[in-house]
Every structure is written in C-alpha cells, then in structure tokens.
Amino acid sequence: MNFDGIPGPTHSYSGLAQGNLAAERNARQVANPREAALQGLAKMRALASLGIAQAVLPPHERPAVWVLRAVGFRGRDDDVVARAGREAPELLAACSSAAAMWAANAATVSPSADCADGRLHFTPANLVTHLHRAIEAETTTRVLRAIFAARTRFDVHDPLPAVPQFGDEGAANHTRFGAGTDRPGIELFVFGRRAFGPGPAPVRYPARQTREASEAIARRHGLDPGRCLFAQQRPDAIDAGVFHNDVIAVGEGTLLFCHERALVDEPGILQALARLVGPAFQSIVVREAELPLADAVSTYLFNSQLIARRDGRYVLIAPAECRAHRATSELLDRLTGDGGPIAEVIVFDLRQSMRNGGGPACLRLRVPMTPAERAAMHAGVVFDARLDAALDGWIRAHYRDRLEAPDLRDPALLDESRRALDELTQLLGLPAVYPFQLEESGG
Ligand code: SUG
C-alpha cells in the first residue's frame, strides 16, 4: 500500500533545505497550498484507479508553536507566532513548513517476511539534518502508532537518537527488493557518509543519512544480515543536488532504475543485488552520456514511482517536468519502446511540491502488507471514492490559494490550520495526534 502525504495548509517556499537545489532556487516564491494538496490528491486518485492500494498520511500541525515556545517565545499562541515573525522570521518559516507531505521521509519500513519476529517494522525518521524536518518525527511516530496500533502485528519504533551520527531520512534511502510479502526480500540501505571512521563525504552539501543509522535500523527491525546491503551515495552526486538516494534511483519488485553516478562502486552493488535478489533481478542504468546528472536532478526523472503490472512489466509514474525536457523525454520513449521492463510512463503535474524538491516518489511511503496486516491496520486512512470526495471538499473548504513569507505571521493561519486538522482527524477516524488536540484533552 502506498501512503501519500497530504500537503498541509501552510505549504510554502522558504528555502530551508540545504543541498536541495529546487528548494533553494524557489525560495520566497508565492506558494499555492490548495493546488499542492489537489495535485497530490489527483495522483492518489490516478494510482488508485490503476488498482494500487492507496492510503493517506495527514499533514502536521503548523506553525509548530511548541517549538517556538521551546526556544523562548512566550505568551498566547498568537503572540508567540507574531513575535517569532518579527524577531526570528527564519525560525517561524521552519516551524511553518509543510514538509511532512514528503512521506518517503516519514519512516523506514521492513515487511514482516523480512523481520525475525514476523511483525511489520517501522522506524520513523529523525530527520536531524534540518530543523524544519526534525520536528516531524514526534507527530509521525504518533500517527504511525495510531494507524498501525495492533502490537501483535506491527512495531513502530521510536526514531533513532536525534544526533548527527544517526542522521536518518527514512525510506528515501531504502529499497526493498523481492517479489512479494510472503517471502523474505533484500533490503538495500543507501547512506551518504559514515559517522565514525574515515571515508569519502561530500564537501558542499550535507550527507543526511549515516551508515550507522542504516545499520541500526536493520538491527532493530531484526533483518537477516545476509539479506541486507549497505551502499554509499557518491559524494559528488550529493554535491550536485542528490540530497536523498530517491533523487537518483528507484527500485521496486525485482527492478532497479538508476543513474550511473548514484552509488560508490555501483557495478559491485548491482552484482550483489543480482546474486541476492536472484535471476529475476533487472537493472536499467542510465549513463551520463545519455542524461547528465544535472539534468536528472532538474527533471527528477528518478524520483518516479515504479508500479508492477500483472504481466511483470512496470509503469513509471514520473513528474511532468520529464516530458518538458527533450533529452529526458526521448530517453523515456526509448525505454518504453525497447520491450524492456518499463512498459509505460504516466506523468503528473506536481509542480507545487516539485518546486520544493519533492516528486512523485517523495510523496509516498510504501508499506508492503499481507492481507492479514491490511485487515489489522486502521481502515479510516485508506483511500477510496468516499475519502477522495471528502478530501476534495475538505481541501477546498480550508486551504488558501496563495501563501508567501509575510502570511506566515498571520495568526489566522494558525487557527485555520488547526480547524482543518481537527476536521481531518475526524474524517480519517484518527485519535488525537496533534499537540493542540493533546493539550485540549489534557494528554
Ligand atoms: O527535505 N524539501 C524537502 C524535499 C524532500 C523530498 N523527499 C524525498 N526526496 N524523498 C527536503 O529537502 C524544502 C522546504 C522549503 O524550503 O520550504 C524541503 O524541505
């Protein structure tokens, strides 16, 4: 099942993510939160109509008044926001970010067939590299625990210790290969640097994931070390804007689609994957001569979703930007025309999210589930025609169609956002998950 994050009512362009070229470039543009949410909804609707099991993850409470209080702002909630807006606008921007929409960074997920105790394991990402993302971990943990509450089947761990040595960005740096959920698969963890000991590291931009974080996740999920691979991102790729591995590679089932400059010793990793995944393993490696890394980063070709079809071939769900770029569009035509594993390409206009460096793959978290697990999860978040219509109405009723930096200071935005989220919690049948709801209920 794909869990898509819903872009929240404070979606904005604040240039908060270092090394994310789109976000840096579009800083201080005017955002349209309503359009962002509707674009996400359209993608979910289309994937559901392809027969993909689809669910939603709710946006987080923003601005995060509790974070502003933690750094010394006092008074009523609206005073806290107003004062932060005057005295520390960059802090208010970070505390207003709707970045939780990028569900690929919510958690790392290991299907039950891979885990020693036979449960489905989640490690919510600590996202320590950036303030505006680190504040997601607490709510994400609460939301996942509400959806996957059955302890006999699910284990939602605490995030890893929130220190640079355990920098963790979740499923954006993790791919599970294998044919289904009834047999153990192979888990590929991609890291940007080692926290301890020597090793190559980027010089310009941060490497957000450490090897130690990936190893800790494999250990706590109870994975078989013989079925895990740890691969390093190329530091020069990170310095060229590849802030997560899912900006340059996507894998699903038995297929890996990536750029040749994604990983250190990429041929060695491909060989290991072929050995571990078995004869069904296929890879499509795009060469620098076909598509330079810079173009792959600007079109976000690899931030696509791969959807397995019944005939064993795949549909590539790509951002519309790929068709607007000649070399990328021609590459897509060659891929679908050569009888290879990718049979079809469908593009989506996700421009609102894309301007912050979030493509189709960033917006979803894959949760491989058995039918019994599916039956045990909270059903209220599952996307169907009823939820589709309800979300459409909810977005149109609560979201603004224009948001820029000065608007973040508007105390009405805090009220609007809380009202919207309160209604959404009811729509999804979730318990209290937001700080403002927990305070009200004395939790
Ligand atoms: O962490 N952008 C996000 C984009 C995350 C994309 N996710 C994956 N690749 N899986 C990030 O860089 C920009 C927010 C701003 O600048 O307002 C931002 O956080």
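Taking the alpha-carbon centroid of each part, what is the distance from region 29-66 to region 173-193 in angstrom?
Centre-to-centre (Cα) distance: 25 Å.
What distance in nm separates the two pseudo spin-label positions at ASP78 and ALA195, each 7 Å out from Cα along the beta-carbon direction?
So the two model labels end up 4.3 nm from each other.
Starting from the 7 Å offset along Cα-to-Cβ, what nm value, one decimal, do you get for the label separation of ARG310 and GLU439?
If labels sit at ARG310 and GLU439, their model points lie 5.3 nm apart.
Taking the 0 to 90 degree range and rounding to the nearest ten, how far is the long axis of helix 137-147 tilted relative to the main principal axis of the chain, both from C-alpha atoms?
80
Treat each spin label as a single point 7 Å out from the Cα along the C-beta direction, and report the ARG323 to ARG183 distance in nm.
Computed distance between label sites ARG323 and ARG183 equals 3.7 nm.
Using the Cα gyration tensor of region 300-339, with a ≥ b ≥ c the square roots of its eigenvalues, what is the shape: rounded (a/c below 1.5), prolate (a/b larger than b/c) or oblate (neither)?
Oblate shape, in that a/c is at least 1.5 and b/c is the bigger or equal ratio.
If we count other beta carbons within 10 Å of each Cβ, what is the order of MET1, MET369, fewest first?
MET1, MET369
Please name which of ALA94, ALA150, ALA107 has its Cα lying farthest along the dipole of the chain towards the positive end, using unit charges on Cβ (Lys, Arg +1; Asp, Glu -1) and the Cα centre as origin.
Comparing the listed Cα positions along the dipole, ALA150 ranks first.
Return the FRET efficiency for the residue pair VAL203, ILE346: r is the Cβ-Cβ distance, R0 is 41 Å, and the value is rounded to the nearest 0.05.
With R0 = 41 Å, the Cβ-Cβ based efficiency is 0.60.
Can you show me the helix-derived [θ] at 222 nm for the chain, built from DSSP H runs with n ≥ 4 at -39,500 (n - 2.57) apiece and divided by the number of residues, rounded to the nearest 500.
My calculation for the chain gives -10000 deg cm²/dmol from helical runs alone.
With a ≥ b ≥ c the root eigenvalues of the C-alpha gyration tensor of region 261-391, is it rounded (a/c under 1.5), prolate (a/b larger than b/c) or oblate?
oblate
Compute a Gaussian network model of the chain, connecting alpha carbons closer than 10 Å, and tell me which residue from LEU421, LEU223, LEU430 fluctuates the most.
Of LEU421, LEU223, LEU430, the Gaussian network model singles out LEU430 as fluctuating most.
How much length is gained if the chain between ASP410 and ALA289 is pulled fully straight, taking 0.36 nm per residue apart and subtracting their Cα-Cα distance, in nm to one decimal?
In short, 38.6 nm is gained.
Arranged by the count of other C-beta atoms within 10 angstrom, fewest first, what order do ARG419, ARG220, ARG34 take?
ARG419, ARG220, ARG34
Any chance you could give the angle, 0 to 90 degrees and rounded to 10, that helix 411-428 forms with the longest Cα principal axis of the chain?
The two axes meet at around 60 degrees.
Using the number of other C-beta atoms within 10 angstrom as an exposure proxy, rank SER298, SER97, SER112 with the fewest first.
SER298, SER112, SER97
Since every read-out is calculated from the coordinates, none of them should be taken as a lab result. These figures come from a predicted structure and were not determined experimentally. Reconstructed Cβ throughout: ideal geometry from the backbone, glycine too, with neighbour counts over all protein chains shown.
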